[in-house]
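A quick write-up on the structure given underneath.
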C-alpha cells in the first residue's frame with residue numbers, strides 16, 4: 001500500500017499522459033493537412049502514400065521499433081540530426097518516444113480525418129470558394145466545423161493508442177525512470193520481477209482509464225464516432 005501512495009508509483013502514469021497528450025497534439029498538426037491532401041488531391045501515387053501511412057496497422061511493433069532504433073541512434077539519420085540540433089540522440093530519450101509514437105499512431109489519426117473530409121458536402125466548399133474565401137479560410141470556417149466527430153474520433157483513438165503502446169516504446173526507449181518508463185513498461189518490469197501485486201495495481205489503473213475512454217466514446221461523442229471505431 002505504501003508503494004502505491006509513493007510518487008515513484010505514479011510517475012509512469014504522469015509520463016504516459018504527457019506522452020499521449022504531446023503525441024496527440026502533433027498528430028493533429030500533421031494529420032489534418034495530410035488527410036486534407038489525401039481527400040482532395042488527385043496525385044497518381046495516392047494509394048502508395050496511403051499504404052505507407054497504414055503500415056503501422058499491420059507491422060509488428062518490434063519491427064517498427066527495430067527500424068526506429070536504427071534511425072534514432074546517434075549514428076542513424078534522424079538521431080544524428082537531432083543530436084546536432086538538440087545535443088542528444090532520439091533513442092532512449094523522451095523525445096524519441098514522442099517521434100516514434102507520432103509515426104506509430106499516425107493512421108489512427110489520419111483515417112478518421114480522411115473519412116471526415118470525404119463526408120463534407122462539396123457544395124458547401126464550392127460555395128465558400130465562390131464567396132471569395134481562401135482554402136485556409138474554407139478549411140477552418142467550413143470544413144473542420146462540419147467534421148467535429150471525426151476530429152474527436154482521431155484525437156480519442158490516437159490518445160488511447162499512445163497510452164497503450166508497449167513494443168515500440170520498449171525498443172526505442174528502454175526503461176529509464178522519469179524519462180522513458182511509461183505505465184506499460186512499469187507493468188512489464190513488475191511481471192519480470194514476479195511482483196504480481198504491483199503489476200495488478202498498474203494494470204487495473206490502465207484498465208479503468210481505457211474503459212473510461214470507451215465510455216466517453218459510446219455515450220458522449222455520438223453515432224459517427226462509434227461508426228469510426230467499428231470501421
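The values are calculated or read from the model by the stated rules, or taken from the named source; none is laboratory data. Note that the structure is predicted; figures quoted are calculated from it, not measured. Using ideal geometry, Cβ is built from the backbone for each residue, glycine included, and neighbour counts are taken over all protein chains shown.
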Only one residue in 182, 163 is under 15 Å from residue 96 (Cβ atoms), crowded, with 16+ Cβ neighbours inside 10 Å, touching a residue at least 12 places away in the same chain (Cβ under 8 Å) and in contact with a helix residue (DSSP H, G or I) (Cβ under 6 Å, 6 or more places away or on another chain), so which one is that? 182
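Given the options 78, 113, 57, 64, name the one that is touching a helix residue (DSSP H, G or I) at 6+ places or on another chain (Cβ under 6 Å), at pLDDT 90 or above and surrounded by fewer than 13 Cβ atoms within 10 Å (Cβ to Cβ). Write out each step before concluding.
Working: 78 fails: surrounded by fewer than 13 Cβ atoms within 10 Å (Cβ to Cβ); 113 fails: surrounded by fewer than 13 Cβ atoms within 10 Å (Cβ to Cβ); 64 fails: surrounded by fewer than 13 Cβ atoms within 10 Å (Cβ to Cβ).
After applying the criteria, what remains is 57.
Can you confirm whether segment 109-131 contains a residue that is closer than 17 Å to residue 163 by Cα, in a helix (DSSP H, G or I) and within 14 Å of the chain's Cα centre (by Cα)? Let's see the steps before the verdict.
First, the residues of segment 109-131 that are closer than 17 Å to residue 163 by Cα: 109.
Cutting the leftovers down to in a helix (DSSP H, G or I) gives us 109.
Filter once more, keeping what is within 14 Å of the chain's Cα centre (by Cα): 109.
Yes; the residues of segment 109-131 include at least one that is closer than 17 Å to residue 163 by Cα, in a helix (DSSP H, G or I) and within 14 Å of the chain's Cα centre (by Cα).
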Report, by residue number, each residue of segment 109-130 that is more than 10 Å from residue 150 (Cβ to Cβ) and without any contact (Cβ under 8 Å) to a residue 60 or more places away in the chain. 121, 122, 123, 124, 125, 126, 127, 128, 129, 130
When residue 92 is evaluated against the numbered criteria (1) assigned to a helix (DSSP H, G or I); (2) over 18 Å from the mean Cα position of the chain (by Cα); (3) touching a residue at least 24 places away in the same chain (Cβ under 8 Å), which criterion, by number, is the only one it fails? (1)
Residue list for segment 37-78, restricted to those being under 20 Å from residue 170 (Cα atoms), more than 16 Å from the chain's Cα centre (by Cα) and part of a helix (DSSP H, G or I): 62, 63, 66, 67, 69, 70, 71, 72, 78
Near pairs, Cβ below 6 angstrom, 6+ apart or cross-chain, from segment 205-231 (at positive phi and surrounded by 13 or more Cβ atoms within 10 Å (Cβ to Cβ)) to any residue that is at pLDDT below 75 and outside any helix (DSSP H, G or I): none
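Name the residue, out of 175, 189, that is closer than 24 Å to residue 18 by Cβ and in contact with a helix residue (DSSP H, G or I) (Cβ under 6 Å, 6 or more places away or on another chain). If you could, list the steps in order and put the result at the bottom.
On the way: 189 fails: in contact with a helix residue (DSSP H, G or I) (Cβ under 6 Å, 6 or more places away or on another chain).
The match here is 175.
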Checking residue 151 against (1) under 17 Å from residue 216 (Cα atoms); (2) surrounded by 20 or more Cβ atoms within 10 Å (Cβ to Cβ): exactly one of these is not met. Which one? (2)
Suppose the filter is assigned to a helix (DSSP H, G or I) and modelled with pLDDT under 95; does residue 84 pass it? yes
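Would you be able to tell me the number of residues in segment 166-179 that are crowded, with 18+ Cβ neighbours inside 10 Å and farther than 21 Å from residue 207 by Cα?
Pass one, segment 166-179, residues crowded, with 18+ Cβ neighbours inside 10 Å: 168-173.
Checking which are farther than 21 Å from residue 207 by Cα leaves us with 171-173.
Number of matching residues: 3.
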Going by what's in this entry, would residue 171 be described as within 30 Å of residue 199 (Cβ to Cβ) and part of a helix (DSSP H, G or I)? yes
